[in-house]
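Structure first, then comments.
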Amino acid sequence: MLFVDDDERVLRAIRRLMQRTQPGWRGEYEDSPRVALSRIDSEHFDVVVTDMHMPVIDGAQLLSQVQARHPEIVRVVLSGDPSAADIFRCVPVAHQFLTKPFEALDFTTTLDRALELREVLQAPELQALVAGDNSVPSAPRAFLELNEALADSEVSMAEVAEVLSRDVGMTARVMQMAGSAFFSVPRTLRSVEAVAAYLGLQTLRALVLSAEVFELFKPDPRLRNFSVSALERHSLVTARLAQRMMHGTGQEDSALLAAMLHDVGLLVLASRDPVGLSEAVEFSNEEDIPLHVAERRLRGAHHGEIGAYLLGLWGLPLEIIEAVRRHHDAPDPGGAEQGRLGLAAAVYFANNLADEGGAASREAQRQSAKDAGEPYLRRAGLGRSAHDWEEFAQRLSG
């Protein structure tokens with residue numbers, strides 16, 4: 001890790017904290033952004049943490065250079081009392097944002113998460129694929145602003161609506177999703193404020209991020225045999241299923257968000273590697289194997305891992321990252337506890353029951369998941385049989 005700050009006192013404090021709490025991590029420290037850039041070009045770093053306000057080259061400029069030269073490096077901004085302008089400048093280039101003064105646990109947890117990202121995707125070409133574009137993959141702006149608003153326990157629905165109204169196109173997409181059959185918002189509710197009050201702020205947060213993700217990763221025109229509208233519909237069905245499965249656990253909101261984003265890796269590929277994704281789809285059809293298996297054989301990783309890497313860069317909770325990463329991995333049959341279904345297991349079962357499209361391999365996989373899920377779901381205390389859940393999925397799908 002490379003820490004960059006023109007205040008030597010801050011660097012000394014970080015060095016002491018690292019030595020005290022994380023002796024196994026290798027930290028390097030520079031008070032000159034120019035020297036830091038030179039070292040980044042000649043040495044290997046997994047993470048760069050930089051102060052925002054520095055003379056000549058500030059943090060946003062430094063990270064912009066790091067992004068252009070070494071997009072696989074995780075980029076973190078450290079700033080005291082950042083202004084809205086600072087945040088907006090960092091959105092395109094910083095993966096995560098820390099404020100000064102910081103709590104030791106928050107600081108080390110953020111860096112630990114950054115290092116864990118390297119375990120999700122080991123292939124440098126895939127890291128660069130996710131992390132290279134100047135407009136992404138920093139967390140979408142409306143999502144960041146909404147998170148900031150929700151951090152205030154006294155925030156009003158009117159204030160939330162005001163945040164969202166700054167992006168007319170995104171607001172229209174959220175209202176369209178909320179008005180679909182999946183969420184059953186009454187047609188009489190025509191304002192963002194009313195919809196937010198009906199759905200709840202965390203559901204609205206999930207819709208905002210999902211809407212922005214589909215807007216950020218526009219499919220490349222060269223893409224063949226792939227429907228974004230079908231993917232969005234599948235994601236919505238999966239989300240409602242997973243949310244229902246987790247009812248009463250306190251993880252309903254996490255299940256909704258994880259399931260809505262479980263195929264975000266496909267969107268990344270549709271936008272950035274359309275030829276490779278088309279080849280994987282064709283290989284899947286020719287060999288009669290699931291798409292994620294075809295991806296694994298062709299590129300060594302599948303879209304679940306790519307999506308997990310992206311969400312990790314955005315700082316989403318690790319339980320959501322893991323659910324996205326493992327949404328094609330059958331849960332351990334002995335892992336279900338009476339009355340409790342794990343988040344990753346819920347997304348896995350919901351994804352299979354939502355039925356992605358009718359290929360024989362997918363149908364066989366879905367049947368296998370249903371057979372395996374029958375005892376698992378019963379042990380988890382959900383009550384419904386796998387067949388009942390399948391019927392519910394079919395009703396959602398229309």
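Quick notes on this one:
- Distance between segment 135-184 and segment 1-68 - C-alpha centres, whole angstrom: 33
- Relative contact order (percent, whole number), the chain, Cα cutoff 8 Å, 6+ residue spacing: 12
- Both radii come from the Cα set of segment 55-120: Rg as radius of gyration, Rh as Kirkwood radius; their ratio Rg/Rh reads 0.97.
- Of the three principal axes defined by the Cα atoms of segment 2-120, the extents in descending order read 32, 30, 26 Å.
- Here the gap between Glu116 and Asp329, fully extended at 0.36 nm per residue and compared with their Cα-Cα distance, gives a gain of 74.8 nm.
- Packing here is the average count of other Cβ atoms within 10 Å per residue, and on that basis the peptides 146-152, 75-81, 253-259, 194-200, highest first, run 253-259, 75-81, 194-200, 146-152.
- Across the chain, Cα-Cα pairs more than 37 Å apart make up 25 percent of the total.
- Scaled radius of gyration (Cα, divided by 2.2 N^0.38 Å) that segment 139-213 gives: 0.99
The numbers here are math on the coordinates, done by the rules we state, and not lab data. Everything numeric in this text was worked out from a predicted model, so none of it was measured. With ideal geometry, Cβ positions are generated from the backbone for all residues, glycine too; neighbour counts draw on all protein chains shown.
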